[in-house]
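See below for the structure under consideration.
Nothing in this text is a laboratory measurement; each read-out follows from the coordinates by a stated rule. Just so it is clear, the structure is predicted and the values come from calculations on it, not from any experiment. Here the Cβ positions follow ideal geometry from the backbone for every residue, glycine too, while neighbour counts run over all protein chains shown.
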Amino acid sequence: MDIGGKFSPDAEIVLFNGDCRNLLRTIPRGSVQLIVTSPPYNTGKDYEHKQALSEYLREQAQVIRASVRTLAEGGSICWQVGNQIGDSGEIYPLDILLFPFFARAGLKLRNRIVWHFEHGLHCTRRLSGRHETILWFTKGDRYVFNLDPIRVPQKYPGKRHFKGPNNGTYSGHPNGKNPGDVWMIPNVKHNHIEKTIHPCQFPVELVERLVLSLSDKGALVLDPYMGVGTTAIAASRHGRRVAGAEISEEYYQVAIHRLEELASGRLRTRPMGQPIYEPPQGSPLTVRTESVCQSQVTQQP
């Protein structure tokens, strides 16, 4: 697998180790069909320097403008974000704060996709956060949208029309149903098969759905905040070209390693459409016995 470090229109994969704004300057205007990314949330993680909210938004505005410049007519931008949490515990929903930057650039919001997961930080003074959002914008009204590759199984595949000209025929689409705008996909935590050193990587399946539905084979997919290469993996796996930037040398090297594993067939990922694990009924994890509870109580200081 040939992975370039500088943008070339003929390259299959370009990973740039540095500030994404430097990569974006080298990408020709209107050459990207799909942008998928998850920027830092400005929460003080190891890979980011926490800033005042106004400064964070100013930098995001710069990156968004530079990204929109590269986007082709009919292309899409998917900006996946959560909340910034203030020092007092107050939350600032980044999708709401960032929306005006895309709108001012002339993009149109098509969906606010809610990514729901079941594991995360357990809060004590507010409800525990169990979702993030993906803002899907398009450049223009004629845009790529391929629904069939991301259809999910019908809940009632045997349901039939009970009246009208289609009376007696199956009412659902034979290839499955539209997945809707709430996606239940496990996040990458602890023993997840895709876990790397990155504390906040998103699952390959999340990006695969976007790549398959919002781009065509051979098209260029861009990720300004590449992290450990999840977007590159999803795009390459499905025959798209990809370019991305990552400022951390450590994460950049992990991304290269994962792509090499993908090329050799050794990369392990959670399959698309795999049902969410449910523990078997009667499992010790699903039953809270009195003796265990009493033991926990007596051990408390």
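A few remarks follow.
- Cα-based equivalent ellipsoid, region 208-291: semi-axes from gyration tensor eigenvalues, Å: 34, 17, 12
- Measure of compaction for the chain (Cα Rg per 2.2 N^0.38 Å): 1.11
- Whole-Å distance, taken between Cα centres, linking region 1-45 and region 247-276: 17
- Converting the Cα gyration tensor eigenvalues of region 124-187 into ellipsoid dimensions via √(5λ) gives semi-axes, longest first, of 32, 21, 11 Å.
- Taking a Cβ cut-off of under 10 Å around Arg240, the surrounding Lys, Arg, Asp and Glu residues balance to a net charge of +1, with basic ones at +1 and acidic ones at -1.
- Extreme residue, positive dipole direction of the chain, given options Asn166, Pro186, Ile35 (C-beta unit charges): Asn166
- Projected-area average for region 60-175 over all orientations - Cα convex hull basis, square nanometres: 11.5
- In the calculated pair-distance distribution of region 98-161, the portion above 13 angstrom amounts to 77 percent of the Cα-Cα pairs.
- Count, lysine Cα pairs under 16 Å in region 3-299, 8 or more residues apart or across chains: 4
- If both residues of a DSSP beta bridge must be in the chain, then about 50% of such bridges are antiparallel.
- Cβ crowding within 10 Å ranks His119, His190 as His190, His119, fewest other Cβ atoms first.
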